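I have placed the structure first, in the form of C-alpha cells, so that the comments after it can refer back to it.
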Amino acid sequence: GAGVSQSPSNKVTEKGKDVELRCDPISGHTALYWYRQSLGQGLEFLIYFQGNSAPDKSGLPSDRFSAERTGGSVSTLTIQRTQQEDSAVYLCASSLVSASGNNEQFFGPGTRLTVL
Amino acid sequence: AQSVTQPDIHITVSEGASLELRCNYSYGATPYLFWYVQSPGQGLQLLLKYFSGDTLVQGIKGFEAEFKRSQSSFNLRKPSVHWSDAAEYFCAVVGYNQGGKLIFGQGTELSVKP
C-alpha cells in the first residue's frame, strides 16, 4: 500500500481497559506523528517521532498515554485505563525529514475509539 | 504560542458560487501554512501549502490561497464550488524548526446547495 494505514479502524472498549492503536507509515518516511480529533478539542497534536531521536511527547494529555516506534517504522499508541474523555478519532501521519517543518504530512484514515 | 483561528464554523454556498474560507494565525515569524480537507469518513488530504516565495499558492481541486503577512491571514478560495467540495476544511500552521507539529484551526464545515 502506498499510504499510511491504521488499525483497527474502530475500537470500542470499556472504561478502565487498555487499548493499543497501530500505525504503518509510508515506507521511507522518517517522521511519524499522532494527532487526536475530538468534538470538544478539535485536532490536536499528541506525539512526534523523527528517526532515532527521542520522541517529542509534549502533546500527550496524561501519563496514561504512551507511544513507541519500532525499527523506525510501525508505531503503536497505547492508552492505559481508558476514560470516556479519551473517545476520539486518533490520526497518524508520516512525512519525510521534518526538522524544519516544511514537509507534507500524509494522514491515515484514523482509528475511532469509543470508551463506554 | 502559535495558534490558528478559523472564524467561520459553518458556511453554506450555492453550487457554482465562489468560496472564501478565512484563516488567521498567530506566530512571531513567517510560519509554514497549510490547508487540509476532510470529507465524511475520510482522512485529511492536503489541498495546498505555503512555505515562502509567491504569496498566492495554487492547490489541488481548483483551490488557491493567499498569504497576507500584514493581516496574518491565509484565506482559501475557489472561484466556482462543486457539490463534491462539501467537506470540512482545516487551516494549519507549523513553526520553523518545530519538528513539523501541525497546529490546526477549529475547522470550517462547508455545505453546498444545489
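Please treat every number below as a calculation from the coordinates, not as lab data. Predicted, not measured: the structure shown is a model, and the values here were computed from it. Every residue, glycine as well, gets a Cβ built from its backbone with ideal geometry; the counts of neighbours run over all protein chains shown.
Laid out as a table, the results:
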| item | result |
| --- | --- |
| Neighbourhood charge, 14 Å Cβ-Cβ cut-off, centred on B:Ala65 and excluding it, Lys, Arg +1 and Asp, Glu -1 | +3 |
| Part-to-part distance (alpha-carbon centres) for region A:7-29 and region B:56-106, which is given in Å | 29 |
| Percent of C-alpha pairs per 5 Å bin, chain B, short to long | 2, 12, 24, 26, 19, 10, 5, 2, 0 |
| Fluctuation leader among B:Ile103, B:Ile60, B:Ile11 - chain B, Gaussian network, Cα springs under 10 angstrom | B:Ile60 |
| Debye intensity ratio in log₁₀ form over the Cα atoms of region B:8-58, taken at each q of 0.24 Å⁻¹ | -1.21 |
| Label-to-label distance, nm, for residues given as A:Ser5 and B:Gln2 (7 Å Cα→Cβ offset) | 3.1 |
| Label-point gap, in nm, between B:Ser72 and B:Gln42 - each point 7 angstrom along Cα→Cβ | 3.2 |
| Backbone N under 13 Å from the B:Glu64 label point (7 Å along Cα→Cβ), restricted to region B:6-38 | B:19 |
| Estimated Rh, chain A: Kirkwood, alpha-carbon pairs, angstrom | 14.1 |
| Loop sites in region A:1-102: GluC sites (Glu not before Pro), DSSP, at most 16 other Cβ within 10 Å | A:Glu14 |
| Cross-link table A:Lys17/B:Lys101; B:Lys68/B:Lys113; A:Lys15/B:Lys101; B:Lys61/B:Lys101; A:Lys17/B:Lys61; A:Lys15/B:Lys113, entries beyond 32 Å C-alpha to C-alpha | A:Lys17/B:Lys61; A:Lys15/B:Lys113 |
| Neighbour net charge for B:Val94 - beta-carbon separation under 11 angstrom, K R +1, D E -1 | +1 |
